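First comes the structure, then the notes that go with it.
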Amino acid sequence: MEALKERIIKDGKCLGEDVLKVDSFLNHQIDVALVRAIGEEFARIFAGQGVNKILTIEASGIPIAYATAAAMGNIPLVFAKKTAPSTMTDGFYSAEVRSFTKGTVSHVVVSEKYIGPEDKVLLIDDFLAHGEAAGGLLEICAKAGAECAGLGAVIEKKYQGGAERLRAKGLRVESLAVITSLKDGHIEFEQTR
Ligand code: 5GP
């Protein structure tokens, strides 16, 4: 997606070789027009697959997942929570997710009420790095008996191996911008869509 790559080049900041900061347009301040276009692109890519629900993880996946859910005909969006709230008194599905950026491990949870065997779920996230977050969401789908149509990631850092790991599990992975290196503060892209 050219507009996305141009924006990453213009406003993305490399924090060493492993982390890209996109706070000014994607996950702190949000460029609503760009995020809407991202949602439309995911809707185009995953059209005709019978997707009836979007699943993401709080917090930075939510705006992108919302735009995608709207573009797919206002289907429901469910976001996994990083801690089970006291109001979640009924059953829930959980999965362990390691964060390499924060150095933490969390148990993400989704209420049993909002995902089940009748669902065909599209996973959406802002970044795909080691594949931990998406792997956790995939595990929740499996526990719920839901089918998973694939993962839409806005930015994939290919060299961290997440896409490869998830594809090896049979998951369809589609990333709108694929980064092959952040060496020396220089952002290098793979030539894709
Ligand atoms: P993974 O679980 O694939 O290792 O990492 C994906 C999650 O970590 C995403 O939900 C995202 O919030 C965060 N993340 C991973 N890499 C980056 C990065 O380079 N920049 C930012 N801002 N977040 C990242």
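The values are calculated or read from the model by the stated rules, or taken from the named source; none is laboratory data. Values in this document were obtained by computation on a predicted structure and should not be read as measured data. Ideal geometry is used to build each Cβ from the backbone, glycine not excepted, and the neighbour counts take in all protein chains shown.
Figure legend. Inter-residue proximity from region 1-24: first residues of a type in the set (A, V, I, L, M, F, W, C), second residues part of a helix (DSSP H, G or I), beta-carbon distance below 6 Å, spacing 6+ or different chains. Indicated pairs: Met1/Glu41; Cys14/Gly185. For region 122-144, the count of residues that are more than 10 Å from the ligand (Cβ to nearest atom), farther than 20 Å from Arg44 by Cβ and part of a strand (DSSP E or B) is zero. Restricting attention to region 50-88, and to residues there that are under 17 Å from Leu138 (Cα atoms) and touching a helix residue (DSSP H, G or I) at 6+ places or on another chain (Cβ under 7 Å), which single residue is nearest to the ligand (Cβ to nearest atom)? The residue in question is Ile57.
If you go through region 36-44 one residue at a time, do you hit one that is surrounded by fewer than 20 Cβ atoms within 10 Å (Cβ to Cβ) and of a type in the set (Val, Ile, Thr)?
At the first step, the residues of region 36-44 found to be surrounded by fewer than 20 Cβ atoms within 10 Å (Cβ to Cβ) are 36-37, 40, 44.
Within this subset, residues satisfying the condition of being of a type in the set (Val, Ile, Thr) are none.
No, region 36-44 contains no residue that is surrounded by fewer than 20 Cβ atoms within 10 Å (Cβ to Cβ) and of a type in the set (Val, Ile, Thr).
With the structure loaded, tell me whether Leu176 is of a type outside the set (Ser, Thr, Tyr) and touching a helix residue (DSSP H, G or I) at 6+ places or on another chain (Cβ under 6 Å) or whether it fails that test.
Numbers: of a type outside the set (Ser, Thr, Tyr): yes; touching a helix residue (DSSP H, G or I) at 6+ places or on another chain (Cβ under 6 Å): yes.
Judged against the criteria, Leu176 is a match.
Here is the figure for region 103-118: residues that are free of Cβ contacts under 8 Å to residues at least 24 places away in the same chain and aliphatic (A, V, I, L, M) total 1. Screening Thr192 with (1) at pLDDT 95 or above; (2) among the β-branched types (Val, Ile, Thr); (3) out of contact with any Asp or Glu (no Cβ under 7 Å at 6 or more places or on another chain) gives one miss only, at (1). Tell me, yes or no, whether region 74-86 has at least one residue that is of a type in the set (Lys, Arg) and in a loop (DSSP other than H, G, I, E, B). Taking every residue of region 74-86 in turn, at least one turns out to be of a type in the set (Lys, Arg) and in a loop (DSSP other than H, G, I, E, B). Ala47 - would you say it is within 11 Å of the ligand (Cβ to nearest atom), surrounded by fewer than 17 Cβ atoms within 10 Å (Cβ to Cβ) and outside any helix (DSSP H, G or I)? Considered against the rule, which asks whether it is within 11 Å of the ligand (Cβ to nearest atom), surrounded by fewer than 17 Cβ atoms within 10 Å (Cβ to Cβ) and outside any helix (DSSP H, G or I), Ala47 comes out as no.
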